[in-house]
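Every number here is computed from the coordinates shown, using simple stated rules; none is lab data. Being a predicted model, the structure only gives us computed values, none of them experimental. Every residue, glycine as well, gets a Cβ built from its backbone with ideal geometry; the counts of neighbours run over all protein chains shown.
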Amino acid sequence: MNSTITLSQLGWQPVFQQQLTLEDYEQAKIARILAHHRNGYALQTEDGPVTLEIHHSLPAMTVGDWVLIDSNNHFVRLLERVSLFSRKAAGAKIAEQYIASNVDTLFIVCSLNQDFNLSRIERYLAIAREANVEPVVILTKADLCQDSDEKRQQVQALDSMLMVEVLNALDTSSYSALESWCRLGKTIAFMGSSGVGKSTLVNTLMGNEVQQTGTIREDDSKGRHTTTSRSLHFMPSGAVLIDTPGMRELQLTDCESGVSETFADIEALSQQCRFSDCQHQSEPGCAVQRALAAGEIDKRRVQNYYKLLAEQARNTATLSELRDKDKQLGKMYRSVQSQSRQRKKGY
């Protein structure tokens, strides 16, 4: 990549420009976060790359964020985001992990072989809609699947308005279907499980080998995990591409509206139940149970709806408790420091 680049090529949009003052234009430089490393952030300005060391005074930031820095390349402030993807940190750790920000379109990548999973696609759709980002489902490895049309119809049945594209890694012409989303100034993020062909797709769209690709494991037809960190790339088309590692675990948090929108058909049915507090189990007059009995909705889909609602509520409550504890600890530390200063003055 050239050392200099225009703001348009970085994905700059009017919504960010509206946040700047005349003083910002005169005294600060605009930068976008390209990568988040253990010790700092890799930024890109119009003049070239910049490194920003991680410091406790910095706000939580992620790949795709826009920041202002001064003439000495010191942090000034973080610009307000138009979208943010986050999740509960994987494993037992209680923390929120930012994935990417300021994304226009989310490419949800799922393979058509044994990794095909409608419930996982619904999980990604929920975070896209929570972030108010357009989702596009990309079904890969069509060359390894005998029933790609049937599986595409299953995904389309989740939402008649959902954009669904089927790709064959061996046929590069099939990638032309994605061009309409890859325009100058647009930011696209890729998400999907490990081994679904995401790195192959990224390399094809980039026109070079930016991500290492793995072979298919013969025992279960799944690919090997190759991408290990989130990173931002500049496509030949002028779009900005954010690639993310394959996620074996995507725990939802603060995602109630996203889940509700993803399962709008079930939400609409629940409004028809006799009781407003219906739990959709064995209550009389339950419209959801009636639709299930009539075969009008899929049992798997209903179960996943309940699962994701409960999961996001549990994680949201857990993270909220952690934030409250952190606030209380902060107050206690400031109080102790204040008392210590007062005692020193007394001496």
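Quick one: in segment 26-117, what % of C-alpha pairs are over 16 Å apart? Distances greater than 16 Å cover 61 percent of the Cα pairs.
Going from the alpha-carbon gyration tensor of segment 7-78, what semi-axes, largest first and in whole Å, does one get by taking the root of 5 times each eigenvalue? Let's see the in-between values first.
Values: eigenvalues 70, 37, 26 Å².
Three semi-axes, in Å: 19, 14, 11.
Evaluated at q = 0.22 Å⁻¹, the base-10 log of the normalised Debye intensity for segment 1-41, with identical point scatterers placed on the Cα atoms, takes the values -0.92. Residue pairs exceeding 24 angstrom between C-alpha atoms, taken from K88/K299; K88/K186; K151/K186; K88/K307; K151/K198: K88/K299; K88/K186; K151/K186. Extension gain for the segment H74 to E267, taken as residue separation times 0.36 nm less the Cα-Cα distance, is 64.7 nm to one decimal.
Sites listed here are trypsin sites (Lys or Arg not before Pro) in segment 39-104 whose DSSP assignment is loop and whose Cβ has at most 13 other Cβ atoms within 10 Å: K93. Convex hull volume per residue, computed on the Cα atoms of segment 70-198, equals 159 Å³. Using R0 = 45 Å, the C-beta based FRET efficiency linking Q156 and R38 works out to 0.60.
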